[in-house]
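My structure is below; once you've seen it, I'll send some questions.
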Amino acid sequence: MGARRLLALGGVGLILVGMLVGDIFAVFVLHQNAARVGASLTVAAHAAAAGDSKAVLASFQETGGFLENRGTKVDTHVHMIAFGYLALMLAILQPWIALGENAKKKLAWTFLLGAGLLPVGVFLIHYVGLAYSPSESIGWASIAADFGGLLVIVATLGYLLGLGKWVQQKENLQLRDSLLEDRSLAGRTLLAGGLALLLLGFVHGAYYAAVDLYKHEALDFSLLSQMSVGAAANDVGMVDTALGQYAQLGGDKAVKIAAHAHAIEFGLLAILLAFFQPYVRLRESWKRRWAWVLLFGSLLLPVCVLLELNLGLLAGGMADVGGLLVIIALLAMWIGIVRYTGGIDGKVRTAEGVR
């Protein structure tokens with residue numbers, strides 16, 4: 001196994017695990033956590049209206065714990081997927097890295113170790129805290145996450161150094177890469193579908209910025225001011241009304257931003273996977289089927305997320321189904337890469353040796 005396939009397997013694996021973590025979080029944590037945050041803020045607002053400063057402080061501390069719990073899980077999900085994308089991009093660049101194969105494989109293992117260690121450390125921050133830490137402000141989980149990030153930086157800089165050496169070579173020749181020259185139907189389907197998803201995500205983001213963004217910001221300030229006035233006047237009804245509207249505002253912003261982000265994220269995933277279809281050792285008919293399954297799930301999830309406020313749990317459940325379809329298709333492609341026999345890697349190493 002060369003460095004390129006190692007990074008491809010590791011990258012797809014990181015994305016797969018990151019999406020699985022995100023799907024589990026969405027089903028079992030996200031809505032429950034949001035309900036707890038809302039309830040805690042309601043208690044804090046009522047305590048402020050009653051002039052109970054100790055209850056306000058306790059409620060805010062409780063809210064902080066809920067937000068940390070949510071934040072560390074979101075960060076775990078996001079970092080795994082982001083490192084998976086970076087691994088796939090580095091895999092594409094491997095023929096242009098002017099380093100020996102052993103050096104490239106060591107850098108690949110270093111990168112994947114750091115890419116796995118950082119999100120695991122982030123996930124454990126909420127549970128480990130500062131227990132037995134040598135520092136008063138940084139716990140062992142944070143230290144492990146920072147060390148994982150350092151490994152990723154070192155490996156990426158190593159690859160950039162190799163790329164710089166290749167650029168500076170006087171005998172630099174045009175290198176033909178069999179992986180990138182693939183024009184199979186599955187690859188073209190993923191490339192076209194990925195570009196369409198990117199365009200859809202960009203258009204939706206532009207629409208949100210033009211129509212809703214400033215309105216949401218103004219309403220955010222207005223509702224917070226209304227809560228403050230109600231608490232100062234001991235008007236519980238005004239506080240409850242403002243809290244309810246603020247929760248609706250938060251939900252509206254969350255679903256629109258999530259739909260925009262997921263469409264772009266899945267579009268980028270489809271484009272990257274298009275380049276690695278020659279590594280997927282499955283029948284062409286199955287490669288095409290999995291490509292369509294991935295694209296269908298990639299479209300279903302952001303569309304259903306956008307409909308959650310109107311359709312409730314039905315749309316949320318369909319969004320989870322869309323995420324599951326993407327995970328299943330991604331797992332099938334990962335298995336296909338595992339089954340790959342190494343023909344293209346051999347051609348690339350032969351070309352590098354000739355050069």
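Can you tell me which of (1) among the β-branched types (Val, Ile, Thr); (2) farther than 19 Å from residue 271 by Cβ; (3) out of contact with any Pro (no Cβ under 6 Å at 6 or more places or on another chain) is the one residue 76 doesn't meet?
All conditions pass for residue 76, except number (3).
List every residue pair whose Cβ atoms lie under 6 Å apart, where the two residues are 6 or more positions apart in sequence or sit on different chains, the first residue falls within the range 51-68 and is among the aliphatic types (A, V, I, L, M), and the second residue, located anywhere, is assigned to a helix (DSSP H, G or I) and open to solvent by less than 50 Å² (accessible area, probe 1.4 Å).
55/47; 56/44; 56/47; 56/48
Yes or no: the range 198-216 includes at least one residue that is under 22 Å from residue 291 (Cα atoms) and part of a loop (DSSP other than H, G, I, E, B).
Checked against the condition, which is being under 22 Å from residue 291 (Cα atoms) and part of a loop (DSSP other than H, G, I, E, B), the range 198-216 yields no hits at all.
From the list 45, 39, 58, 35, exactly one residue is more than 17 Å from residue 6 (Cβ to Cβ), over 18 Å from the mean Cα position of the chain (by Cα) and buried (at least 16 other Cβ atoms within 10 Å of the Cβ). Which is it?
Unique residue meeting the criteria: 45.
If a residue counts only when it is aromatic (Phe, Trp, Tyr), which helices (runs of 4 or more DSSP H) contained entirely in the range 246-339 have at least 2 such residues?
284-306
Now a separate question. Hey, among 281, 288, which residue is charged (D, E, K, R), surrounded by fewer than 17 Cβ atoms within 10 Å (Cβ to Cβ) and at pLDDT 85 or above?
Residue meeting the stated conditions: 281.
Looking at 157, 190, 151, 173, which one is open to solvent by 80 Å² or more (accessible area, probe 1.4 Å) and at pLDDT 90 or above?
The conditions single out 157.
If you check every pair at least six apart or on different chains, which have Cβ atoms under 6 Å apart with a residue in the range 296-308 that is β-branched (Val, Ile, Thr) first and a residue that is assigned to a helix (DSSP H, G or I) second?
Filtered contacts from the range 296-308: 305/255; 305/258; 305/259; 305/319.
Kindly evaluate residue 145 against the criterion of being in contact (Cβ under 8 Å) with a residue 40 or more places away in the chain, open to solvent by less than 50 Å² (accessible area, probe 1.4 Å), part of a helix (DSSP H, G or I) and touching a helix residue (DSSP H, G or I) at 6+ places or on another chain (Cβ under 8 Å).
no
Tell me, yes or no, whether the range 26-44 has at least one residue that is under 26 Å from residue 279 (Cα atoms) and in a helix (DSSP H, G or I).
no
Of all the residues that make up the range 307-324, how many are open to solvent by less than 70 Å² (accessible area, probe 1.4 Å) and within 18 Å of the chain's Cα centre (by Cα)?
Count: 5.
If you take the residues in the range 93-107 that are in a helix (DSSP H, G or I) and without any contact (Cβ under 8 Å) to a residue 24 or more places away in the chain, which one is surrounded by the most Cβ atoms within 10 Å (Cβ to Cβ)?
106
If I ask for residues that are crowded, with 17+ Cβ neighbours inside 10 Å and within 30 Å of residue 273 (Cβ to Cβ), which ones from the range 193-239 would you list?
Result: 193, 194, 197, 198, 200, 201, 204, 205.
Which one of the conditions (1) surrounded by fewer than 17 Cβ atoms within 10 Å (Cβ to Cβ); (2) modelled with pLDDT of 85 or more does residue 255 fail to meet, given that it meets all the rest?
(1)
Output the residues belonging to the range 108-142 that are part of a helix (DSSP H, G or I) and either outside the structural domain of residue 68 (by TED's automatic domain parsing) or loosely packed, with under 15 Cβ neighbours inside 10 Å (or both).
127
The values are calculated or read from the model by the stated rules, or taken from the named source; none is laboratory data. Since the model is a prediction, treat every value here as computed from it, not as a measurement. Every residue, glycine as well, gets a Cβ built from its backbone with ideal geometry; the counts of neighbours run over all protein chains shown. What goes into the accessible areas is simple: the full protein's heavy atoms, side chains included, and nothing from ligands, DNA or RNA. Shrake-Rupley method; radii C 1.70, N 1.55, O 1.52, S 1.80 Å.
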